[in-house]
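Each remark here refers to the structure printed beneath this line.
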Amino acid sequence: MSAFAYVLAVFILATAVATALFRDVLSTIIVFGAYSLGMAILYTFLLAPDVAMTEAAIGAGVTTILLLLTIARTARPATDQLLERIDAPAVAVVGALVVVLCTAVLPEMYAVGDPSAPVWSNPDVTQYYIENAYEDTGVHNAVTAVLAAYRGFDTFGEAVVVFAAGVSTLLVLKREVFV
């Protein structure tokens with residue numbers, strides 16, 4: 001993995017820990033939005049643009065706006081402490097789990113673009129998409145052709161989730177409509 005991927009992973013872990021530790025709800029919402037944005041960037045780096053767009057729209061976008069509007073409509077409790085008290089045994093257990101998972105999972109991951117990665121193990125399928133995407137779909141961009149035509153039902157399911165989140169947000173907000 002590149003230095004950018006390591007820096008991004010540290011950023012994501014730091015925002016996840018900060019989200020759990022902050023006592024102030026507004027601070028937690030803002031850091032959670034940064035976490036979602038970091039995850040969207042990570043998905044983009046891992047060449048999963050459809051997942052990245054969904055994470056950015058739902059995680060960093062709709063969820064953050066919904067939470068900010070909720071906090072704006074409720075009273076914020078006054079607090080003197082910025083951070084929660086840290087439970088050392090819980091941190092030790094979670095830290096041990098993260099170390100075990102990282103040592104078990106990270107060495108098994110292929111580098112981005114590695115020709116020996118399983119996604120390249122069937123070059124006939126990949127080559128078919130590259131050679132026939134325009135003829136089969138009429139779309140110039142091969143990624144869009146795969147998402148819209150070859151994986152149309154999957155993409156439709158993701159669009160339904162995004163639409164349902166938007167409708168749910170409007171229902172929760174009742175008469176408020178954003179222009």
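The values are calculated or read from the model by the stated rules, or taken from the named source; none is laboratory data. A quick note: this is a predicted structure, and the numbers were derived from the prediction, not measured. For neighbour counting, all protein chains shown are included, and Cβ atoms are generated from backbone atoms with ideal geometry for every residue, glycine included. The area values use the complete protein model at the heavy-atom level, side chains included, leaving out ligands, DNA and RNA. Shrake-Rupley method; radii C 1.70, N 1.55, O 1.52, S 1.80 Å.
Things worth noting here:
- When the Cα positions of 69, 14, 118 are compared along the charge dipole of the chain, 69 comes out farthest toward the positive end, with charges on each C-beta of Lys, Arg, Asp and Glu.
- Among (i) 1.26; (ii) 1.31; (iii) 0.94, the entry derived from the coordinates for Cα Rg over 2.2 N^0.38 Å: (ii)
- Computed helical MRE - 222 nm, the chain, DSSP H runs ≥ 4 contributing -39500 (n - 2.57), nearest 500: -21000 deg cm²/dmol
- Over the chain, accessible surface divided per residue gives 70 Å², non-protein components excluded, 1.4 Å probe.
- For segment 1-153, a crude dipole built from +1 on the beta carbon of Lys and Arg and -1 on the beta carbon of Asp and Glu, taken about the Cα centre, is about 680 debye to the nearest 20.
- If R0 equals 35 Å, the separation of the Cβ atoms of residue 5 and residue 171 corresponds to a calculated FRET efficiency of about 0.35.
- Multiplying the residue separation of residue 148 and residue 25 by 0.36 nm and subtracting their alpha-carbon distance yields 40.4 nm.
- Normalised by the number of residues in the chain, the mean separation of alpha-carbon contacts (under 8 Å, six or more apart) gives a relative contact order of 18 percent.
- Segment 1-26 versus segment 97-131: alpha-carbon centroid distance in Å: 24 Å
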